[in-house]
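Enquirer: Here it is: the structure, laid out below.
The values are calculated or read from the model by the stated rules, or taken from the named source; none is laboratory data. Worth saying up front: this structure is predicted, and the values here are computed from it rather than measured. Positions of Cβ are generated from backbone atoms using ideal geometry, with glycine treated the same way; all protein chains shown enter the neighbour counts. These area figures cover heavy atoms from the full protein model, side chains too; ligands, DNA and RNA do not enter into them. Shrake-Rupley method; radii C 1.70, N 1.55, O 1.52, S 1.80 Å.
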Amino acid sequence: MLTIGLTGSIAMGKSTAAKLFAEAGIPLNDSDAVVHDLYTGEAAPLVDAAFPGTMKDGAVDRHELGRQLALDPDGFKRLEAIVHPLVRKREAEFLARQRAAGAEMVLLDIPLLFETGAEERVDVIVVVSADPQIQRERVLAREGMTEEKFEMILARQTPDAEKRRRADYLIDSSKKIAVTKKRVLDIVADLKTRIAKGDFRNA
């Protein structure tokens with residue numbers, strides 16, 4: 001089973017690309033969705049213990065957590081130490097299910113793929129990118145986003161140029177969604193051809 005790692009910096013269009021892969025029939029494990037689920041369940045009391053006052057009605061209050069992290073950037077390491085092992089567990093369960101189902105390939109949507117060393121766990125890396133100005137416009141259009149928050153997020157992410165350099169496949173989301181969709185379908189077709197040729201013997 002071929003494991004595709006999908007990544008991209010904030011507001012580069014990664015989530016859109018992930019949905020297009022899913023529409024193309026590729027089983028998807030969305031790390032952001034997994035974290036959201038964990039924040040409403042088993043991770044909530046653990047996060048609240050590390051960041052008092054962040055749990056409300058049994059779930060993590062992301063706004064309060066974000067406020068505390070902005071005041072204490074070192075808190076990201078504490079948060080990751082709690083969340084990442086739980087995310088990895090869910091990922092392993094997903095891979096086991098898909099392998100048992102006989103999936104030819106799967107997609108792992110991992111925002112911090114390079115930052116967490118996840119490139120070692122995938123066979124192929126797909127990076128979604130866009131023009132920096134388009135990225136900035138998309139980010140600042142989000143509710144509650146500020147220049148300061150944007151710069152803080154960028155500081156924690158591997159630079160886009162480095163991601164592009166390390167990609168096996170690149171998706172430019174600067175254009176219309178139809179162009180992005182065609183690129184996704186072309187990548188899927190190319191991977192299927194390469195699988196048939198035996199390019200991924202250890203996958």
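Enquirer: Contact list please: Cβ distance under 8 Å, first residue in the range 73-87 and at negative phi and open to solvent by 60 Å² or more (accessible area, probe 1.4 Å), second residue among the hydrophobic types (A, V, I, L, M, F, W, C) and in a helix (DSSP H, G or I), pairs at least six apart or on different chains.
Expert: PRO73/MET152; ARG78/ALA50
Enquirer: A further question on this structure: Among the candidates ARG156, ARG99, ARG142, which residue alone is exposed (fewer than 15 other Cβ atoms within 10 Å of the Cβ), modelled with pLDDT of 90 or more and either of a type in the set (D, E, K, R) or touching a helix residue (DSSP H, G or I) at 6+ places or on another chain (Cβ under 8 Å) (or both)?
Expert: Details: ARG156 fails: modelled with pLDDT of 90 or more; ARG142 fails: modelled with pLDDT of 90 or more.
When all the criteria are applied, what remains is ARG99.
Enquirer: Looking at ASP123, ASP172, can you tell me which residue is surrounded by 14 or more Cβ atoms within 10 Å (Cβ to Cβ), touching a Phe, Trp or Tyr at 6+ places or on another chain (Cβ under 7 Å) and more than 30 Å from ASP74 (Cα to Cα)? Explain how you work it out, then say what you get.
Expert: Details: ASP172 fails: touching a Phe, Trp or Tyr at 6+ places or on another chain (Cβ under 7 Å).
The unique qualifying residue is ASP123.
Enquirer: Right, another one. Scanning for something open to solvent by less than 20 Å² (accessible area, probe 1.4 Å) and in a helix (DSSP H, G or I), does the range 2-11 turn up at least one residue?
Expert: No, that holds for no residue.
Enquirer: Further, regarding this structure: For the range 25-32, indicate whether the set of residues that are in a helix (DSSP H, G or I), in contact (Cβ under 8 Å) with a residue 24 or more places away in the chain, open to solvent by less than 30 Å² (accessible area, probe 1.4 Å) and among the polar types (S, T, N, Q) is non-empty. Reasoning before the result, please.
Expert: Step one: of the range 25-32, the residues in a helix (DSSP H, G or I) are 31-32.
Of the ones still in play, those that are also in contact (Cβ under 8 Å) with a residue 24 or more places away in the chain are 31-32.
Within this subset, residues satisfying the condition of being open to solvent by less than 30 Å² (accessible area, probe 1.4 Å) are 31.
In the following step, the residues that additionally are among the polar types (S, T, N, Q) were identified as 31.
Yes; the residues of the range 25-32 include at least one that is in a helix (DSSP H, G or I), in contact (Cβ under 8 Å) with a residue 24 or more places away in the chain, open to solvent by less than 30 Å² (accessible area, probe 1.4 Å) and among the polar types (S, T, N, Q).
Enquirer: While we're on this one: Based on what the data block shows, is ILE134 surrounded by 15 or more Cβ atoms within 10 Å (Cβ to Cβ) and over 15 Å from LEU6 (Cβ atoms)? Write out each step before concluding.
Expert: On the way: surrounded by 15 or more Cβ atoms within 10 Å (Cβ to Cβ): yes; over 15 Å from LEU6 (Cβ atoms): yes.
Yes, satisfied.
Enquirer: Just one of (1) assigned to a helix (DSSP H, G or I); (2) farther than 25 Å from GLU115 by Cα trips up ARG165, so point out which.
Expert: (2)
Enquirer: Across the range 54-72, what is the total count of residues that are over 23 Å from the mean Cα position of the chain (by Cα) and either open to solvent by 70 Å² or more (accessible area, probe 1.4 Å) or without any contact (Cβ under 8 Å) to a residue 12 or more places away in the chain (or both)?
Expert: 5
One line per residue, one yes/no per condition, for (1) among the hydrophobic types (A, V, I, L, M, F, W, C); (2) closer than 24 Å to VAL128 by Cβ; (3) in contact with a Leu (Cβ under 6 Å, 6 or more places away or on another chain):
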| position | (1), (2), (3) |
| --- | --- |
| LYS14 | no, yes, no |
| VAL35 | yes, yes, no |
| PRO45 | no, no, no |
| PRO73 | no, no, no |
| ARG99 | no, no, no |
